[in-house]
Amino acid sequence: MTSVDSEDAGLVAELVRLVFEPFRAQFEPTAMRWTAEAIADRPDDWLVLRRDGLIVGAVRHGVDNEGYTFDSLSVDPAVRRQGIGRSLVAAVRVRAMEAGAHQLIVAVRHALSGNVAFVGACGFVRSRNFSADHDVYVAPLSAQVRR
């Protein structure tokens with residue numbers, strides 16, 4: 001798991017578009033705002049997972065006023081259901097604990113039942129409504145691992 005370097009920004013933007021483009025028929029995904037330029041401007045906000053030198057997963061992460069959050073989790077459709085998403089969430093969890101956060105937070109669109117199930121399987125529980133279309137899910141972070 002590594003942060004994004006300037007050469008990766010375009011590849012990460014392509015992956016995010018590949019993952020989120022199919023949803024545009026139903027709604028405009030907020031992840032579509034992540035252009036290569038926007039990613040290159042804040043490379044430390046992104047983690048990527050590579051297999052055989054290729055980027056197969058990416059996630060944006062960072063400190064939030066309620067803890068630590070992530071969004072735009074993207075896994076190449078050709079390699080889904082192989083633990084890449086869970087590995088990315090686990091890496092974000094480590095970053096959150098290193099930052100001293102007490103909880104990991106993610107907003108999930110109601111309509112994306114697969115994403116709701118995924119965050120539940122990763123230990124998140126629904127906390128509250130975030131907007132008309134999203135709920136907030138939280139996962140407490142173990143104080144034993146926090147630095």
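Select from region 53-65 the residues that are farther than 17 Å from P77 by Cβ and either touching a strand residue (DSSP E or B) at 6+ places or on another chain (Cβ under 9 Å) or of a type in the set (D, E, K, R) (or both) and list them in ascending order.
Within region 53-65, the first condition is being farther than 17 Å from P77 by Cβ, and the residues that meet it are 53, 60-65.
Passing the criteria: R60, H61, G62, V63, D64.
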Cβ pairs under 7 Å, 6+ apart or interchain, first in region 24-36 and over 16 Å from H110 (Cβ atoms) and without any contact (Cβ under 8 Å) to a residue 24 or more places away in the chain, second outside any helix (DSSP H, G or I) and open to solvent by 30 Å² or more (accessible area, probe 1.4 Å), ordered by first then second residue, are none
Please enumerate the residues belonging to region 3-29 that are within 14 Å of the chain's Cα centre (by Cα) and loosely packed, with under 14 Cβ neighbours inside 10 Å. S3
What are the residue pairs meeting all of these: first residue in region 9-22, first residue of a type in the set (G, A, S), second residue surrounded by fewer than 20 Cβ atoms within 10 Å (Cβ to Cβ), Cβ atoms under 6 Å, and 6 or more apart or on different chains? A9/A36; A9/A40; G10/A36; A13/T35; A13/A36
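The values are calculated or read from the model by the stated rules, or taken from the named source; none is laboratory data. Note that the structure is a prediction, hence the values are computed from the model and not measured. Using ideal geometry, Cβ is built from the backbone for each residue, glycine included, and neighbour counts are taken over all protein chains shown. The protein model used for the area step is the full one, side chains on, heavy atoms only, and it has no ligands, DNA or RNA in it. Shrake-Rupley method; radii C 1.70, N 1.55, O 1.52, S 1.80 Å.
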